[in-house]
Amino acid sequence: MDWDENTTAPPTEGEERLVGAGADGEDQAVEAALRPKDLGEFIGQAKVREQLDLVLRAARARGSAADHVLLSGAPGLGKTTLSMIIAAEMDAPIRITSGPAIQHAGDLAAILSSLQEGEVLFLDEIHRMSRPAEEMLYMAMEDYRVDVIVGKGPGATAIPLELPAFTLVGATTRAGLLPPPLRDRFGFTAHMEYYEPAELEAVIHRSARLLDVSTDAEGAVEIAGRSRGTPRIANRLLRRVRDYAQVKADGVITREIASRALAVYEVDERGLDRLDRGVLHALLKLFGGGPVGLSTLAVAVGEERETVEEVAEPFLVREGLLARTPRGRVATPAAWAHLGLVPPVSPQQAGQQTARHTPGGTGQGPVSGA
Ligand SMILES: Nc1ncnc2c1ncn2[C@@H]1O[C@H](COP(=O)(O)OP(=O)(O)O)[C@@H](O)[C@H]1O
Ligand SMILES: [Mg+2]
């Protein structure tokens, strides 16, 4: 995949959405304080933790830089946090950059050639790096070497430059977009999963402690259930509920307070917000549950096609509330139940009812159900 300035970036989810998984300004300010500092503090992702622990322990025992690590997973699941933990566990400095920040191979060469022995280079959104930089990275990862091109045109020469052993930690939300040669050069790939409610409760209790907020068990359960399996969202909802608890109550987060606070912010019991509910509502009320085309659905909710498709739908699909079919978007029975609506009688059932209630021979046979 080539990256260029004309490629529109995917709509960044969560700029001003309370349940968006991307980091907003406030998140960035508090996240540093909320990040677990070592593997022991990192909640959930048991498999990844166990595997990574082995990788790091072995490297420490050998006294060498750890293998390159690829972290793949949705936004807000802890990729940046883990990269910092890797550096901390290796007692190594960390350099942080991202694919989009590296436009030219020269940018990457400058970073690579200034690394210290054993340093961790965190490359966020690695799938958005330019092709020439990517090719330079192959050699750097494999042989700790880059070729620096000096001069232009036919007279240009490649000067090989030795690099210190370093650990590349790449993060991507889309491992599928990485070219196989790049993917193959990572010694270890961690797939980050969405968190279980109990794990999110633990995240909330930990953050509440750090933010000096009192939360009872039920209050944490209530927030966890609305956090879409994502620690970043759990932390953000916690802060909004804390505000409400301070202004409207005695500051203690209970189930009642959490539920009233999140009703104010229009985040429902399942973590759907206004946009998600708007899409579901239109699909159910205007189109009888579908199938309906994406564009029609988008017009009905007054949103851009891309917003419906890339911002609202992934979570609705993940929750089993909406299905994408070749004929269009279709609501599942769970969607009707979630909005407290009753699905219309399907043509099939209607046909059977007609057959039952009309005396035969009217010439209007039931709709074939098969
Ligand atoms: N396993 C975890 N345990 C505790 N907090 C976590 C965990 N994973 C993520 N977080 C919290 O969620 C926030 C977002 O994590 P981050 O590493 O920035 O996600 P990503 O880089 O995948 O988008 C961080 O502030 C961190 O405090
Ligand atoms: Mg990150």
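The values are calculated or read from the model by the stated rules, or taken from the named source; none is laboratory data. Predicted model, so just to flag it, every value in this text is computed and none were measured. Because the Cβ atoms are built from the backbone with ideal geometry, glycine has one as well, and the counts that use them run over all protein chains shown.
Filtered by the rule that a residue be β-branched (Val, Ile, Thr) and touching a helix residue (DSSP H, G or I) at 6+ places or on another chain (Cβ under 9 Å), the stretch 234-282 gives Val241, Val252, Ile253, Thr254, Ile257, Val264, Val267, Val279. Taking residues in the stretch 71-89 that are over 13 Å from Gly40 (Cα atoms) and in contact (Cβ under 8 Å) with a residue 12 or more places away in the chain, and partners anywhere that are in a strand (DSSP E or B) and hydroxyl-bearing (Ser, Thr, Tyr), the pairs with Cβ atoms closer than 6 Å and at least 6 places apart or on different chains are Ser72/Thr172.
Select from the stretch 261-298 the residues that are outside any helix (DSSP H, G or I) and more than 30 Å from Ser214 (Cβ to Cβ) and write down the one among them that is modelled with the lowest pLDDT.
We begin by selecting, within the stretch 261-298, every residue outside any helix (DSSP H, G or I); these are 265-273, 286-293.
Now restrict to residues that are more than 30 Å from Ser214 (Cβ to Cβ): 286-293.
Working: Leu286: 95, Phe287: 95, Gly288: 93, Gly289: 94, Gly290: 87, Pro291: 96, Val292: 97, Gly293: 96.
Here the residue is Gly290.
Would you pick out the residues in the stretch 203-214 that are more than 16 Å from ligand 2 (Cβ to nearest atom) and within 12 Å of Asn235 (Cβ to Cβ)?
Residues of the stretch 203-214 that are more than 16 Å from ligand 2 (Cβ to nearest atom), as a first pass: 204-214.
Passing the criteria: Ile204, His205, Arg206, Ser207, Ala208, Leu210, Leu211, Val213.
If the condition is being under 21 Å from Ala133 (Cα atoms) and away from ligand 2 (no atom under 16 Å from the Cβ), then the stretch 68-101 contributes only His68.
Of all residues in the stretch 319-340, those being in contact (Cβ under 8 Å) with a residue 12 or more places away in the chain and part of a helix (DSSP H, G or I) number 4.
All conditions but one from (1) within 15 Å of ligand 2 (Cβ to nearest atom); (2) assigned to a loop (DSSP other than H, G, I, E, B); (3) more than 30 Å from Ala312 (Cβ to Cβ); (4) not hydroxyl-bearing (Ser, Thr, Tyr) apply to Ala65; the one that does not is (1).
Can you report the number of residues in the stretch 74-95 which are among the aliphatic types (A, V, I, L, M) and within 11 Å of ligand 1 (Cβ to nearest atom)? Walk me through it before giving the result.
Going through the stretch 74-95, the residues among the aliphatic types (A, V, I, L, M) turn out to be 74, 77, 82, 84-88, 90, 92, 94.
Among the residues that remain, those that are also within 11 Å of ligand 1 (Cβ to nearest atom) are: 74, 77, 82, 84-85.
Residues meeting the conditions: 5.
For the stretch 1-52, the tally of residues that are closer than 22 Å to Val213 by Cα, within 15 Å of ligand 2 (Cβ to nearest atom), among the hydrophobic types (A, V, I, L, M, F, W, C) and modelled with pLDDT under 95 stands at 5.
Listed here are the strands (runs of 3 or more DSSP E) enclosed by the stretch 93-157 that have at least 1 residues being modelled with pLDDT of 95 or more and among the small types (Gly, Ala, Ser): 94-98. Set side by side, the residues Val120, Val169, Val146 differ, and just one is within 16 Å of ligand 2 (Cβ to nearest atom), free of Cβ contacts under 8 Å to residues at least 60 places away in the same chain and under 28 Å from Ala58 (Cβ atoms), which is Val120. Quick one: in the stretch 302-322, which of the residues that are of a type in the set (A, V, I, L, M) and surrounded by 19 or more Cβ atoms within 10 Å (Cβ to Cβ) is farthest from Arg228 (Cα to Cα)? Per the criteria, the residue is Val308.
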